[in-house]
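Chemist: Structure incoming, see below.
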Amino acid sequence: MRDGGPLGRVGLGLLLMAAGAGARPRPAAPGDQPRYNVVLVACDSLDGRLTFFPGNQTVDLPSINFMKRHGTVFLNAYTNSPICCPSRAAMWSGLYTHLTESWNNFKGLDPDYVTWMDLMEKHGYRAQKFGKLDFTSGHHSVSNRVEAWTRDVNFLLRQEGRPMVKLTSHRKQFRVMEKDWQTTDKAVNWIKEEALNFTQPFVLYLGLNLPHPYPSPYAGENFGSSTFLTSSYWLEKVNYEAIKIPKWSSLSEMHPVDYYSSYTKNCTGEFTKEEVRNIRAFYYAMCAETDAMLGEIISALRDTGLLGKTIIIFTADHGELAMEHRQFYKMSMYEGSSHVPLLVMGPGVRKQQQIPNVVSLVDIYPTMLDIAGIPVPQNLSGYSLTPLLHEKAESEASPRGPRPSWVLSEFHGCNVNSSVYMLRTGKWKYITYSDGSSVLPQLFDLAADPDELTNVAIKFPVTVYSLDKILRSIVNYPKVSSSVQEYNKQQFINWKQSLGQNYSNVIANLRWHQDWLKDPKKYENAIDKWL
């Protein structure tokens, strides 16, 4: 199935026929709802706007397009925190970040936290996980966590290598991200060799690293991930004419938090239009390779006759800015970073449906339980998506009543020198920082300004007041920001004490070494002043 994408020679028509003709679920006992299999494929850093018009004109994503034709796409799905571990902690717990206290990539859920998969397994599902999980504490590099802890220090240091592209030496290389392909192979084999024989329903999770940028060893010993790597095979899936070159504000006009982010991500230098276009093209090609892995899962379910009785969910932990707002990576509330893909197909899911409601990753937890017929705890932040998928009145389906008309996202990690909170509702995106007064807020009218180039907070003070009031009713964000600041300081002190006499050498050679080593005493003094 290599020609023309993951569904290649077989053709989407045959796949549709197989979905309808596949083995049907066992009859449910009287009064019981049938319990379908569930497959969740979660990738890393895929911009959700690529799953619908006009973003979908940029790159060929046949598996995502197949899910859209035979299922539902959410047009306004958001991460609850635009960075790996905190976002996944929200997805696996059903709780907002200020409740999980997953402040950065080092601090996630406790290892014994009861996830939706744990509950499904307890209620008779066969459960299997493959690939990237990243929702518990203790992961990611020392540099990554120190950068988060010291974000309130009065210095500005580049923490990443300059974003760049790299083409593989083999022009027609299909399996570029070999680790992800091996993980996908394991999931496919599990479906064909084990799941096929189960007498009870199963839940399968596949976590992919793509289309997250690759590590950049050229940047030194403690390098970040600033390389967009692909092959000519995948670049051919990209429509170069449709690639939009983002508009940038001048450095002097940038919001102060954006400037800090751009600088620490090594993006304040000069970039030609060709460089920016290539970074975006290579990123889209990496998305195409991700889509092919999703296609392998769909094909395995089809080949085993399981497609007709399996609900498939595809999403990502966050997006990728790909040089929008003079940044790459995530850690931002701009659409490229915070807007995630969310597609669902399977029994009972309406086909060719586009849902405009704002939803977020905390909704995954109650949705999984709803699909499995398990009572949904009332203390969750999220709401089940099943009423939207089946077009039911939500008040009938949930004892909690209808879902809110807003979603919340927050960020407390590295590359941003303030806690950030986003409320997304209607046409508005409201972004506020820290204590709500020390840093200017942002307000974007996404209907009139989808590229988020004009902050209209000063123009619409009544709207700002109203949205801030809603936000404060959800979370006491000045208090949360203060708690994060105290946490960061205490964690740094503990780390510094653990190093003893090695402290100066270790801190100088983290990812910011290219700047730190120019004046080590200056930066150590800045930290001492902060402490």
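The values are calculated or read from the model by the stated rules, or taken from the named source; none is laboratory data. Bear in mind the structure is a predicted one, so any value in this text is a computation, not a measurement. All Cβ positions, even for glycine, are placed from backbone atoms using ideal geometry, and neighbour counts span all protein chains on display. The protein model used for the area step is the full one, side chains on, heavy atoms only, and it has no ligands, DNA or RNA in it. Shrake-Rupley method; radii C 1.70, N 1.55, O 1.52, S 1.80 Å.
Chemist: Using only the alpha-carbon atoms, how far is helix 273-303 inclined from the longest principal axis of the chain? Give it as 0 to 90 degrees, nearest 10.
Modeler: So the inclination is approximately 30 degrees.
Chemist: Quick one: what are the phi-derived ³J(HN,Hα) couplings along region 451-462, Karplus 6.51/-1.76/1.60 with θ = phi - 60°, whole Hz, x for glycine and proline?
Modeler: 8, 6, 9, 10, 7, 9, 4, 5, 6, 10, x, 5
Chemist: In degrees from 0 to 90, rounded to the nearest 10, what is the angle of the helix 520-530 Cα long axis to the longest principal axis of the chain?
Modeler: 80
Chemist: Is region 328-432 best put as rounded, prolate or oblate by its Cα gyration tensor, with a ≥ b ≥ c the root eigenvalues, rounded for a/c under 1.5, and otherwise prolate when a/b is larger than b/c, oblate when not?
Modeler: Here region 328-432 falls in the prolate category.
Chemist: Under 21 Å between alpha carbons: how many lysine pairs meet that in region 152-258, if sequence neighbours fewer than 8 apart on the same chain are excluded?
Modeler: 5
Chemist: 7 Å from Cα along Cα→Cβ at both residue 166 and residue 525: what's the point-to-point distance in nm?
Modeler: Taking the two extended label points, one gets 3.8 nm.
Chemist: Extent of region 322-361 along each principal axis, from alpha carbon coordinates, in Å, largest to smallest?
Modeler: 42, 16, 16
Chemist: Any chance you could check the Cα centroid distance between region 319-345 and region 29-104 for me, in angstrom?
Modeler: Answer, in whole Å: 13.
Chemist: Now, a different point. If I ignore ligands, DNA and RNA and count only protein heavy atoms, how much of residue 179 is accessible to a 1.4 Å probe, in Å² to the nearest 10?
Modeler: 130
Chemist: Along the charge dipole of the chain, Cβ charges K/R +1 and D/E -1, which of 225, 183, 195 sits furthest on the positive end?
Modeler: In the chain, that residue is 195.
Chemist: Using a 7 Å offset from the Cα along the Cα-to-Cβ direction at both residue 112 and residue 379, what is the distance between the two label points in nm, to one decimal?
Modeler: 1.6
Chemist: Same structure, new question: Using a 1.4 Å probe on the protein chains only, how many percent of the accessible area of the chain belongs to carbon and sulfur?
Modeler: Reported share for carbon and sulfur atoms: 51 percent.
Chemist: Within region 70-84, which residues have the backbone N less than 13 Å from the label spot 7 Å out from residue 391 along Cα→beta-carbon, could you tell me?
Modeler: It comes to 72, nothing else.
Chemist: Additional query: Nearest 20 debye, what's the magnitude of the dipole of region 295-397 about its Cα centre given +1 on Lys and Arg Cβ and -1 on Asp and Glu Cβ?
Modeler: That gives region 295-397 a dipole magnitude of about 180 debye.
Chemist: How far is helix 477-499 tilted off the main Cα axis of the chain, in degrees rounded to 10, range 0 to 90?
Modeler: Taking Cα atoms only, the helix is inclined about 70 degrees.
Chemist: Using a 7 Å offset from Cα along Cα-Cβ at residue 137, what residues in region 399-433 end up with backbone N under 17 Å from the label point?
Modeler: Once the point is set 7 Å along Cα→Cβ of residue 137, 412-413 turn out to lie under 17 Å by backbone N, inside region 399-433.
Chemist: Peptides 495-508, 67-80, 427-440, 225-238: what's the order by average Cβ count within 10 Å, highest mean first?
Modeler: Per-residue Cβ counts within 10 Å, averaged per peptide and sorted highest first, yield 67-80, 225-238, 427-440, 495-508.
Chemist: Just from its helices, what would the mean residue ellipticity at 222 nm be for the chain, if runs of 4 or more DSSP H residues each count -39500 (n - 2.57) and the sum is divided by every residue, rounded to the nearest 500 deg cm²/dmol?
Modeler: About -10500 deg cm²/dmol.
Chemist: May I pose another question? Quick check: pseudo-label points 7 Å beyond the Cα along Cα→Cβ at residue 156 and residue 486, how many nm apart are they?
Modeler: About 3.1 nm separates the two model spin labels.
Chemist: Could you tell me the calculated FRET efficiency between residue 250 and residue 458, based on Cβ-Cβ distance and R0 = 22 angstrom, to the nearest 0.05?
Modeler: Details: r = 19 Å, r/R0 = 0.86.
In this case the efficiency is close to 0.70.
Chemist: At 1.4 Å probe radius, can you tell me the per residue accessible area of the chain in Å²?
Modeler: Working: 20860 Å² over 531 residues.
Accessible surface, normalised per residue, equals 39 Å².
Chemist: Please list, in chain and number order, the residues 5+ apart from residue 126 or on another chain whose amide H is under 5 Å from its amide H, with Hs placed from the backbone.
Modeler: 202, 203
Chemist: Given the chain, what whole percent of its Cα pairs are spread farther than 41 Å?
Modeler: 19
Chemist: Listed highest first by mean packing, meaning other Cβ atoms within 10 Å per residue, what order do 467-474, 406-413, 249-256 come in?
Modeler: Packing order, densest peptide first, comes out as 406-413, 467-474, 249-256.
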